[in-house]
Ligand SMILES: [Fe+2]
């Protein structure tokens, strides 16, 4: 009898421990980490880097259609030609490409000569050495992996970068990660009508942006409109030309590109997105061309988040979400990446405000390090669709592993080290194991369809 009683007590204890484990494993998380105050502006040494006194400065690269890249830079001397010499051996340039240049005025400011040169065709996964204008220092860049449904590709993801001490931490941490392409969810320089800050931003990011393609979309800080005098996005469009023409778009404010096994939509939160608008119609056409057997991953990047439980900028993305969320859901977009809110947050699959196994993972990552500081105040209780949230500066890495799985991690800036603070394995909605059937919404969902570590998904069960 005593033995039976002991077994009964043990079972009660085990059940109690199991309950505690399940409860702790399935709860949504608001990180208790408390970020220290924002750092001051970045040092002058960082802004006026080694190329600041050269005729060629602010060099950055971007993808420009299959096997081509665009090299952009600004020259102080107007006599510099728009040419890029390049080759696969240092100091030996066996190819040369010619582009064009422009400049713009902004009240009393006149920009340097802004050059854009498309180089290629280029080999995949290859280091190229290049020189701009026939006079610059030598730069080097690595081309991304080839297109293919099983091809791994590594994205680094950042938003709302600005030019502070935290920005330089973020850039230093990004430099440590071996990425192929950088995705920038808007709010780049925080120039905010003071144009020399665009130049200092270009010099600050040059060491990274000249080595890998930086693919950007615009935020509200890029608008810089003066009604009846200066059109919106004058500086941004002149300085950060993206492959909109190459992707059939009519505007630099929205475009797409493909790399590895991913089709990436770069959308505009501050240009019309309603039914019938140029952006909406382009998006419909672009999505119709996506072949998930070739690019199983479908990712969208925009600025104002559709799902954020932060009090900051609440509702800023609501109108765009109302216009475009059904279209992206219908297309089975896997992940939407946004900036704008200066904090980090990740959702489970969600649609129309409800957890939905066929919905989209949303990531807010407007925490690059800008001068406005962090958005520390989150709504309470944490919405069911919000899996993890924290008000810290940092950056993300999206490593697409194959045609079905990708590893996402967000690194919090901690002193000089990037600290992994959130991570998850995503499965693409195009994967055979993720059929979005009614059965997958129930308790009958198999383990193979559950995102590993996704606490909110597990809590539904
Ligand atoms: Fe913003």
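The values are calculated or read from the model by the stated rules, or taken from the named source; none is laboratory data. This is a predicted model, so every value here is computed, not measured. Reconstructed Cβ throughout: ideal geometry from the backbone, glycine too, with neighbour counts over all protein chains shown.
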- Query: Taking the condition in contact with a helix residue (DSSP H, G or I) (Cβ under 8 Å, 6 or more places away or on another chain), surrounded by 23 or more Cβ atoms within 10 Å (Cβ to Cβ) and at pLDDT 95 or above, does residue 158 pass?
  - Reply: yes
- Query: Within the stretch 87-133, which residues are part of a loop (DSSP other than H, G, I, E, B) and more than 29 Å from the chain's Cα centre (by Cα)?
  - Reply: 90, 91, 93, 94, 107, 108, 133
- Query: Restricting the search to the stretch 140-169, which residues are under 18 Å from residue 399 (Cβ atoms) and assigned to a strand (DSSP E or B)?
  - Reply: 142, 153, 154, 155, 156, 157, 158
- Task: Go through the stretch 327-400 and tell me which strands (runs of 3 or more DSSP E), entirely inside it, have 3 or more residues that are modelled with pLDDT of 95 or more, within 16 Å of the ligand (Cβ to nearest atom) and out of contact with any helix residue (DSSP H, G or I) (no Cβ under 9 Å at 6 or more places or on another chain).
- Result: 361-365
- Residue check: is residue 310 over 23 Å from residue 432 (Cα atoms), touching a helix residue (DSSP H, G or I) at 6+ places or on another chain (Cβ under 9 Å), within 16 Å of the ligand (Cβ to nearest atom) and in contact (Cβ under 8 Å) with a residue 40 or more places away in the chain? no
- Within the stretch 294-304, which residues are more than 16 Å from the ligand (Cβ to nearest atom) and in a loop (DSSP other than H, G, I, E, B)? 294, 295, 296
- Query: Here are 253, 241: which of them is under 26 Å from residue 142 (Cα atoms), touching a residue at least 40 places away in the same chain (Cβ under 8 Å) and either within 16 Å of the ligand (Cβ to nearest atom) or surrounded by 17 or more Cβ atoms within 10 Å (Cβ to Cβ) (or both)?
  - Reply: 241
- Residue check for residue 381: without any contact (Cβ under 8 Å) to a residue 24 or more places away in the chain and farther than 16 Å from residue 341 by Cβ: yes
- Message: Quick check on residue 276: is it within 15 Å of the ligand (Cβ to nearest atom), surrounded by fewer than 20 Cβ atoms within 10 Å (Cβ to Cβ) and assigned to a loop (DSSP other than H, G, I, E, B)?
- Response: no
- Message: Name the residue that is farthest from residue 268 (Cα to Cα), counting only residues in the stretch 208-221 that are part of a helix (DSSP H, G or I) and within 13 Å of the ligand (Cβ to nearest atom).
- Response: 221
- Task: Run residue 224 past the list (1) within 16 Å of the ligand (Cβ to nearest atom); (2) crowded, with 22+ Cβ neighbours inside 10 Å; (3) not in a helix (DSSP H, G or I) and report the number of the one that doesn't hold.
- Result: (2)
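This table checks each residue for (1) modelled with pLDDT under 95; (2) assigned to a helix (DSSP H, G or I); (3) away from the ligand (no atom under 16 Å from the Cβ); (4) within 24 Å of residue 234 (Cβ to Cβ).
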{"site": "268", "(1), (2), (3), (4)": "no, no, no, yes"}
{"site": "285", "(1), (2), (3), (4)": "no, yes, yes, no"}
{"site": "292", "(1), (2), (3), (4)": "no, no, yes, no"}
{"site": "306", "(1), (2), (3), (4)": "no, no, no, no"}
{"site": "316", "(1), (2), (3), (4)": "no, no, no, yes"}
{"site": "322", "(1), (2), (3), (4)": "no, yes, yes, no"}
- Task: Tell me, yes or no, whether the stretch 86-102 has at least one residue that is closer than 16 Å to residue 198 by Cα and modelled with pLDDT of 95 or more.
- Result: yes
- On the given criteria, is residue 137 within 16 Å of the ligand (Cβ to nearest atom) and not in a helix (DSSP H, G or I)? no
- Would you point out the residue of the stretch 177-202, among those that are within 17 Å of residue 103 (Cβ to Cβ) and in a loop (DSSP other than H, G, I, E, B), that is farthest from the ligand (Cβ to nearest atom)? 195
- For residue 235, state whether it is within 16 Å of the ligand (Cβ to nearest atom) and over 24 Å from residue 364 (Cα atoms). yes
